[in-house]
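To start, the structure under review is shown below, and the notes come after it.
Please treat every number below as a calculation from the coordinates, not as lab data. Bear in mind the structure is a predicted one, so any value in this text is a computation, not a measurement. Note that each Cβ is placed from the backbone with ideal geometry, even for glycine, and that neighbours are counted across all protein chains shown.
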Amino acid sequence: MRKKGRCFLWLLLLLALLTWLLPRAGRLLYPLPYKDPIVTYARQERLDPLLVAAITRVESKFYPRAMSEQGARGLMQLMPDTARLAAGRLGLLYNEDSLFSPEYNLRLGTWYLAQLVQEFGDLIPALAAYNGGRGNVHNWLEQGIWDGSSSLSQVPYPETREFVRQVLKNYRVYRVLYPGVR
């Protein structure tokens with residue numbers, strides 16, 4: 001009986017150690033840089049900050065000077081025309097170089113994401129529009145190419161399908177690793 005008791009204690013100790021280590025290891029793999037502006041701007045737009053973090057991770061891996069071949073810039077990979085629209089609606093001066101500023105980019109990106117969520121009424125088509133373009137997603141929905149559901153195989157653009165999948169996966173991971181950030 002004594003041996004079983006010691007084994008149980010070791011098992012309990014190992015479980016406690018794993019419970020303590022796993023979230024810390026997960027946070028190394030899924031960091032949350034720019035947490036304060038992400039939380040601030042996401043809350044202003046009534047978005048989950050962890051969703052914004054997931055998008056930012058997928059779009060730029062949190063590299064503020066990221067730039068795509070198509071010309072998207074900064075943490076949330078905003079196209080200049082989209083950023084100009086967002087800045088105007090928010091009453092901010094538009095400066096293309098400022099898209100590499102984390103605060104500015106996050107402010108414009110969260111506003112734009114909130115507009116898409118409101119416009120499409122659901123997260124999944126809003127994410128598809130964030131990556132593939134509002135007009136394209138409206139066309140897919142109107143023409144019956146895609147029903148806007150999580151059945152992403154209907155999405156005509158492979159890049160958009162993968163973007164939505166990756167954001168949703170990262171969003172799930174962030175919600176597990178950072179339960180206190182909401």
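For the reader, a short list of remarks on this structure follows.
- Kirkwood hydrodynamic radius of the chain, Cα pairs, Å: 17.8
- Relative contact order [Cα under 8 Å, 6+ residues apart], segment 77-132, whole percent: 27
- The length gained on full extension between LYS61 and GLN154, counted as 0.36 nm times the residue separation minus their Cα-Cα distance, comes to 30.8 nm.
- Residues whose placed amide H lies under 5 Å from that of LEU78, excluding near-sequence neighbours: ARG73
- The phi-based Karplus calculation (6.51 cos²θ - 1.76 cosθ + 1.60; θ = phi - 60°) puts the 3J(HN,Hα) values of segment 128-134 at 4, 5, 4, 8, x, x, 4 Hz, whole numbers, x for Gly and Pro.
- Each residue of segment 161-167 was assigned a 3J(HN,Hα) from its phi angle through the Karplus expression (A = 6.51, B = -1.76, C = 1.60, θ = phi - 60°), giving 4, 5, 4, 4, 4, 5, 4 Hz with x at Gly and Pro.
- Using the Karplus relation 6.51 cos²θ - 1.76 cosθ + 1.60 with θ = phi - 60°, the per-residue 3J(HN,Hα) values for segment 113-124 come to 4, 4, 5, 5, 4, 5, 5, 8, x, 7, 5, 5 Hz, with x marking Gly and Pro.
- Ranked by the mean number of other Cβ atoms within 10 Å per residue, highest first, peptides 167-180, 147-160 order as 167-180, 147-160.
- Contour excess over end-to-end distance, with Cα ends at GLU119 and ASP81 and 0.36 nm allotted per residue: 11.9 nm
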